[in-house]
1. How many percent of DSSP beta bridges within the chain run antiparallel, rounded to 5?
2. Which value at 222 nm does the chain reach when only helices count, each DSSP H run of 4 or more adding -39,500 (n - 2.57), with the total divided by all residues and rounded to the nearest 500 deg cm²/dmol?
3. Determine how large the accessible area of THR555 is when every protein chain is in place; take a 1.4 Å probe and give Å² rounded to the nearest 10.
4. Using only protein heavy atoms and a 1.4 Å probe, report how much of ARG68 is accessible, in Å² to the nearest 10.
5. Spelling out what I want: for every residue of the range 231-236, take phi, set θ = phi - 60°, compute 6.51 cos²θ - 1.76 cosθ + 1.60 (Karplus), and round to whole Hz; glycine and proline get x.
6. What Cys residues in the chain have no fellow cysteine's beta-carbon under 4.7 angstrom?
7. With a cut-off of at most 11 other beta carbons within 10 Å, and DSSP calling the residue loop, which GluC sites (Glu not before Pro) in the range 362-429 qualify? Please list them.
8. Let me check against my output: what whole-number percent is the relative contact order of the range 509-561, with C-alpha pairs under 8 Å and at least 6 apart?
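The values are calculated or read from the model by the stated rules, or taken from the named source; none is laboratory data. No experiment lies behind these values; they were computed from the predicted model shown. With ideal geometry, Cβ positions are generated from the backbone for all residues, glycine too; neighbour counts draw on all protein chains shown. Note: areas computed on protein heavy atoms with side chains; ligands, DNA, RNA excluded. Shrake-Rupley method; radii C 1.70, N 1.55, O 1.52, S 1.80 Å.
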Amino acid sequence: MPWSDLWRRRAGAEDREPAAGAPPAPLEIARAYHRVSKHHTHRYADGPGWLDWANQPAPFRTWLGAPRVALQVPSSDGAARYDEVLRGAAREPSAPSAALASELCFDSLAVTAWKQAGDARWALRANPSSGNLHPTELYLALGPEWGLADEPALWHYAPREHALERLATCTRESWRRAFDGCAPGSALLVPTSIPWREAWKYGLRAWRYCQHDLGHALAALGLAAHAQGWRVDELAEAELAPLTVAAGWPARGPERELPDLALVLAPGASSRAQPRLAELEWRAGGARPNELSAEHVDWEAIDALEEALARAPRASAERAEHAPALVLASSPCTRSFRAVARTRRSAVDMDGRTALARAAFERMLAAALPHAAHPAFAALAPPPRAHLLLFVHRVDGLAPGLYFCARRSGAAGDLRARCRPEFEWARVDAPSGIELYRLHAGDMRGVAAALSCQQALAGNGAFSAGMLCELEAGFASLGARAYPRLFRECGALGQVLYLEAEAAGVRATGIGCFFDDGVHALLGMRDEAWQSLYHFAVGAAIDDARLTTLPAYPTPEGAAD
Ligand SMILES: Cc1cc2nc3c(=O)[nH]c(=O)nc-3n(C[C@H](O)[C@H](O)[C@H](O)COP(=O)(O)O)c2cc1C
């Protein structure tokens with residue numbers, strides 16, 4: 001669908017056709033994409049209509065011709081306790097080394113198990129992904145002090161083998177210039193997305209899922225870094241074109257792989273110096289990416305959005321500070337961060353019975369609040385714009401009903417003015433820092449499941465959530481670039497809920513399929529200022545006993561390419 005068709009299919013009455021020949025402004029393309037990628041009860045967003053199994057994209061990227069270094073598989077239990085990591089407690093940074101690179105990847109994006117049903121075998125990873133299709137890849141630019149090569153080099157993380165593939169090297173002199181002033185050992189992490197992996201199954205809506213998945217990966221990386229005493233920060237204004245050439249990421253075509261952002265990885269909590277990427281002099285290694293599918297379907301609306309975001313002006317970062325860190329109630333979980341992160345799994349359904357203790361529910365909400373020292377949100381500049389519309393079904397001591405939890409002070413007032421007047425907005429007594437309101441008391445199980453594309457798990461858990469985002473406020477301050485950022489924030493928030501559920505002995509599931517405007521109609525909202533961008537369910541899982549579980553490493557014989 002070219003952008004001109006995208007434009008024609010917009011539903012808004014205020015639409016004006018752009019001048020002939022001139023592409024619409026990036027912000028207008030973002031708004032148009034948002035509308036056409038909505039699911040409605042009467043019509044799903046355009047998808048392929050059927051699953052072309054013969055062309056299912058390969059789940060693992062391999063760089064043909066790249067020298068590969070196997071990472072040693074770490075022990076199954078890490079030193080850092082889960083609760084310490086979530087609290088952002090200070091840790092002595094580990095020294096840069098191949099072992100540290102291994103632990104960072106192992107706790108964030110590595111394979112955690114293989115599942116088998118009949119002849120089919122597939123990998124699960126520490127980070128979740130819509131449809132388990134994993135559009136996110138990770139690249140690491142590491143200096144010689146990491147002990148992987150004599151020169152600074154750009155590496156691709158290969159999760160199936162738990163290995164690094166070397167794609168390019170960089171002169172020592174230019175590396176020194178670029179990192180002058182940064183803490184010793186500082187490095188770069190560059191996540192990329194391959195939209196085709198998601199588009200193969202989900203069509204037009206796939207771009208949203210790539211951004212959700214990236215948000216999950218950003219939180220996973222921030223937390224894994226913190227478990228080693230390191231931190232990640234977004235590198236503002238990063239110009240990634242030279243890195244694209246050096247790495248060999250296909251910039252165009254159906255299997256294009258797009259760098260999303262660059263993160264600075266630095267030891268300790270204090271250093272915020274940012275490397276100057278323009279100084280780096282790369283020498284490409286000439287490796288070639290594996291082909292993911294023989295045939296493709298093009299989703300031109302996604303191309304149009306990517307093109308619009310690439311030309312969108314960079315608005316200067318918002319002048320906002322994160323809220324001060326709040327005192328998080330202890331989690332009863334005494335497991336290591338690694339154990340929790342690597343046993344995280346999505347529930348396929350929930351049992352429709354088990355209730356969550358009120359304290360566990362409040363702890364989850366508190367853990368999901370952003371603050372300056374929160375490792376999961378370290379790569380997402382404030383202000384937070386994603387909030388939780390909660391469908392509470394089974395939480396001890398809390399009446400079932402519809403609730404709202406604000407993640408930024410002042411947000412509730414703005415939302416309230418846009419919602420139906422009959423809502424209660426009764427402030428719920430909760431530990432300090434948690435701004436929770438009851439909008440309506442009543443049984444929301446059927447409504448929650450119906451809004452989540454009739455998925456039963458949204459009504460069968462302890463609670464489910466719609467992540468309500470301040471879309472127009474984001475556009476007003478960051479322009480079109482706010483659009484991917486909001487989905488990433490939702491993904492990062494979801495990652496915290498996944499881990500908190502795991503730590504509390506229950507499970508969670510990200511829900512990308514929901515009827516967007518059904519949620520907005522429930523609230524009585526009349527414009528697009530606030531939009532629900534991601535759904536989530538938390539509760540006691542029903543496991544699928546038909547599946548066999550195999551260990552992650554060494555890779556089992558005959559595992560998928
Ligand atoms: C962005 C996103 C959207 C998802 N949407 C759904 C959904 O609508 N329904 C569902 O049952 N699972 C959904 N999932 C869960 C994935 O299917 C799950 O993450 C994937 O199968 C991998 O399994 P794992 O999470 O256990 O590693 C979603 C996950 C993500 C990250």
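1. 95 percent
2. That comes out to -8500 deg cm²/dmol.
3. Only protein atoms counted, so the area is about 50 Å².
4. For ARG68, the solvent-accessible surface is approximately 110 Å².
5. Residue by residue, the range 231-236 yields 9, 10, 9, 5, 8, 5 Hz.
6. So far as the 4.7 Å Cβ criterion goes, CYS105, CYS170, CYS182, CYS210, CYS333, CYS405, CYS419, CYS469, CYS490 stand without a partner in the chain.
7. On the way: sites: GLU362, GLU422, GLU424; in loops: GLU422, GLU424.
Here the GluC sites (Glu not before Pro) that fit, given the DSSP loop and packing criteria, are GLU422.
8. It comes to 38 percent, rounded to a whole number.
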